[in-house]
Structures are given as structure tokens and as C-alpha cells.
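Asks: Provided herewith is a single structure, encoded as C-alpha cells, for subsequent inquiry.
The values are calculated or read from the model by the stated rules, or taken from the named source; none is laboratory data. On a predicted model such as this, the values are computed, not experimentally measured, just so you know. Heads up, the Cβs are rebuilt from the backbone with ideal geometry, glycines too, and the neighbour counts pull from every protein chain shown. In case anyone asks, the SASA skips ligands and DNA or RNA and just uses the protein heavy atoms, side chains included. Shrake-Rupley method; radii C 1.70, N 1.55, O 1.52, S 1.80 Å.
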Amino acid sequence: EAWKQIDEYISQYIKNKIARWNKAIDNYPLYGAILAAIISAFTVLSYDQLKVTPPDPMLPALEQVSLQLSSLSVNPPFINSTHPAYQITDVTAPSVSRAAITLNALWFSSLILSLFSASIGIAVKVSLDALQSGLVFGRPREIARYSISQLHGIVKWHIGAVILAIPGLLLVALVLFI
């Protein structure tokens, strides 16, 4: 009889805690996914700023040819140009701005955090559902031991702290995005 009372008390405690956590965590994965979708749209557009396009080597060559053609002097039987011949020079590629690098780093970090928070929310939701549906049959003592082990698992894995961390992760992701 005592084992049955212990089991009822612990089971009710776990059910109440899981119900509160389920209610709190219901929307976190959705918020994380929506934030990730918004950040992804902006990140895709800003990612192009990180690509360095080297200048076209044909442009200086065409300018040189144009200068040579415009400086032609005709002295029969010769045609001379007063401009020197084209010489290949090293064309330096433009560098990526620091602002573009910083912006993309912040947005990628924000995207990772929002996806991470959504994934954690889904994983916690699945584990809470598994805890809630755990049916055990047997003698009252075995059932009470199972309930106690569930309670120890909840404490050991810090499920409450993980659930409280999800909105914090989403907030940090939002701040990094803004």
C-alpha cells in the first residue's frame, strides 16, 4: 500500500511537471523555425557580398588597344603608334568589406542558434511525450521504482533548465539578427 501511494504521488508530480513543460514548450520549435526561415532569406541575399569577383582582364587590354589605335600615325610605308605595347600587369581583386563579413557572421550565428533552439525544442517535446506515455505494469513496488527512476532522469538531464534555455537562445538569435 505504501509503494502504491509513493507511486501515485511521484506519478502525479511528474505528470504535473510534464504538463507545465509541454504547455511552455509548445510554441518554441515553431518560433525557432519561423525565425530561421526569416534569417535564411536575408542571409541568402547577403551572402553574395562575401563573394569576390575578380576584375575582367580583357578590359585593360581593350583600353590599351583603343589607345594604340587612337595614336596611330601614318608615314608611308609605315604605320606607327606612339603608345607602348600592352603589358600584362597584376590586377588585384577587390577585397570584401569588413561590414559584410561582420553582418554575415552575425546572421549565420543567428541562424545556427535559431535552428539549434528549434531542434532542442523538438527533442525535448518528444522526450516529454515519451515520459508521459510510459505505461508500466507489475507490482506496486516495481511501478514505484520506475516512477522514481523517471524522476531521477528528469533531474539528471536538467530538462527544466533546457526548457528555460530555449527562449534565451531564441532571444540571442534575434538580437544577433537585428
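Asks: In the range 105-112, is there at least one residue being closer than 30 Å to HIS158 by Cα, open to solvent by 70 Å² or more (accessible area, probe 1.4 Å) and at pLDDT below 85?
Replies: no
Results for (1) assigned to a loop (DSSP other than H, G, I, E, B); (2) among the small types (Gly, Ala, Ser); (3) open to solvent by 90 Å² or more (accessible area, probe 1.4 Å); (4) in contact (Cβ under 8 Å) with a residue 24 or more places away in the chain, shown as yes or no for each residue.
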residue	(1), (2), (3), (4)
GLN12	no, no, yes, no
SER40	no, yes, no, yes
VAL44	no, no, yes, no
TYR47	no, no, yes, yes
LEU62	no, no, yes, no
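Asks: Does LYS23 satisfy being open to solvent by 100 Å² or more (accessible area, probe 1.4 Å), free of Cβ contacts under 8 Å to residues at least 60 places away in the same chain and of a type outside the set (Phe, Trp, Tyr)?
Replies: On the way: open to solvent by 100 Å² or more (accessible area, probe 1.4 Å): yes; free of Cβ contacts under 8 Å to residues at least 60 places away in the same chain: yes; of a type outside the set (Phe, Trp, Tyr): yes.
In short, yes.
Asks: Which of the residues that make up the range 41-53 are more than 14 Å from LEU176 (Cβ to Cβ) and polar (S, T, N, Q)? Quick ask: steps written out before the conclusion?
Replies: Going through the range 41-53, the residues more than 14 Å from LEU176 (Cβ to Cβ) turn out to be 41, 44-45, 47-53.
Within the range 41-53, GLN49, THR53 meet the criteria.
Asks: Oh, and also: Which numbered condition trips up GLY168, out of (1) modelled with pLDDT of 85 or more; (2) within 30 Å of LYS51 (Cβ to Cβ); (3) loosely packed, with under 12 Cβ neighbours inside 10 Å?
Replies: Among (1) modelled with pLDDT of 85 or more; (2) within 30 Å of LYS51 (Cβ to Cβ); (3) loosely packed, with under 12 Cβ neighbours inside 10 Å, GLY168 violates only (2).
Asks: Any idea how many residues of the range 120-165 are farther than 25 Å from ASP26 by Cβ, surrounded by 17 or more Cβ atoms within 10 Å (Cβ to Cβ) and at pLDDT 70 or above?
Replies: The number of residues fulfilling the criteria is 0.
Asks: Any residue at all in the range 51-58 that's open to solvent by 90 Å² or more (accessible area, probe 1.4 Å) and either of a type in the set (S, T, N, Q) or modelled with pLDDT of 80 or more (or both)? So that I can check it myself, show each step before the final result.
Replies: We begin by selecting, within the range 51-58, every residue open to solvent by 90 Å² or more (accessible area, probe 1.4 Å); these are 51, 53-54, 56, 58.
Subsequent filtering for residues that are either of a type in the set (S, T, N, Q) or modelled with pLDDT of 80 or more (or both) retains 53.
Yes, some residue in the range 51-58 is open to solvent by 90 Å² or more (accessible area, probe 1.4 Å) and either of a type in the set (S, T, N, Q) or modelled with pLDDT of 80 or more (or both).
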